[in-house]
């Protein structure tokens, strides 16, 4: 199973491609950030994110795109821009025919660190451990994207049983 994890944002969109092998082991195949220039107009930034995500989807041909659900942020402006970046990611996946699964921050932290209140640094270290990386991924947007992919790898079979299907909820 191949999963593209996304941590959406308009300045940085983190991504991570994780393979769940038949024996259950996880391997990171690719990871990084899509960066946009702060001085660019929002439509241009969103077009860049869409273009780069489409290239990643075509290059890696993942079975699933896993993305963090939007949670209410204290800063409404930030929440709105993250929502726009999420929408672009969902659109790219839909255009490429890739099934999308969404996870809450609590689910992601539980899957990676064992509890839902884990700090960012602990998530980075656990991602490195679970994926056998030499160092924690930087910046934290990349670690978060890999964490979302790990979460999907951990929960996919469980959710399929609970939902009575192996497809999108």
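Before we move on, is residue 85 part of a helix (DSSP H, G or I), surrounded by fewer than 16 Cβ atoms within 10 Å (Cβ to Cβ) and in contact with a strand residue (DSSP E or B) (Cβ under 8 Å, 6 or more places away or on another chain)?
Answer is no for this residue.
Taking region 11-44 on its own, how many of its residues are closer than 23 Å to residue 97 by Cα and touching a residue at least 12 places away in the same chain (Cβ under 8 Å)?
Residues that pass the stated criteria total 15.
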Residue 111 is checked against (1) modelled with pLDDT of 95 or more; (2) surrounded by 14 or more Cβ atoms within 10 Å (Cβ to Cβ) and fails just one. What number does that condition carry?
(1)
Being over 25 Å from residue 154 (Cα atoms) and over 16 Å from the mean Cα position of the chain (by Cα) is the requirement here; does residue 78 meet it?
yes
Inside region 114-147, the number of residues satisfying the requirement of being surrounded by fewer than 20 Cβ atoms within 10 Å (Cβ to Cβ) and part of a helix (DSSP H, G or I) is 7
Flag for residue 90 being part of a helix (DSSP H, G or I), under 20 Å from residue 1 (Cα atoms), touching a residue at least 12 places away in the same chain (Cβ under 8 Å) and in contact with a strand residue (DSSP E or B) (Cβ under 8 Å, 6 or more places away or on another chain)
yes
Using beta carbons and a limit of 6 Å, which pairs, at least six apart or on different chains, have the first residue in region 129-140 and touching a residue at least 24 places away in the same chain (Cβ under 8 Å) and the second one surrounded by 18 or more Cβ atoms within 10 Å (Cβ to Cβ) and part of a loop (DSSP other than H, G, I, E, B)?
none
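Among the candidates 50, 95, which residue alone is modelled with pLDDT of 95 or more, in a helix (DSSP H, G or I), in contact with a helix residue (DSSP H, G or I) (Cβ under 6 Å, 6 or more places away or on another chain) and surrounded by fewer than 21 Cβ atoms within 10 Å (Cβ to Cβ)? Please lay out each step first, then the result.
Working: 95 fails: in contact with a helix residue (DSSP H, G or I) (Cβ under 6 Å, 6 or more places away or on another chain).
Criteria check complete, one pass: 50.
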Can you pull out the residues in region 53-79 that are out of contact with any strand residue (DSSP E or B) (no Cβ under 8 Å at 6 or more places or on another chain), under 18 Å from residue 17 (Cα atoms) and either touching a residue at least 40 places away in the same chain (Cβ under 8 Å) or outside any helix (DSSP H, G or I) (or both)?
54
Of the criteria (1) under 23 Å from residue 100 (Cα atoms); (2) modelled with pLDDT of 95 or more, which one residue 154 fails:
(2)
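The values are calculated or read from the model by the stated rules, or taken from the named source; none is laboratory data. Remember, predicted model here, so these are calculated numbers, not experimental data. Virtual Cβ from ideal backbone geometry, glycine too; neighbours counted across all protein chains shown.
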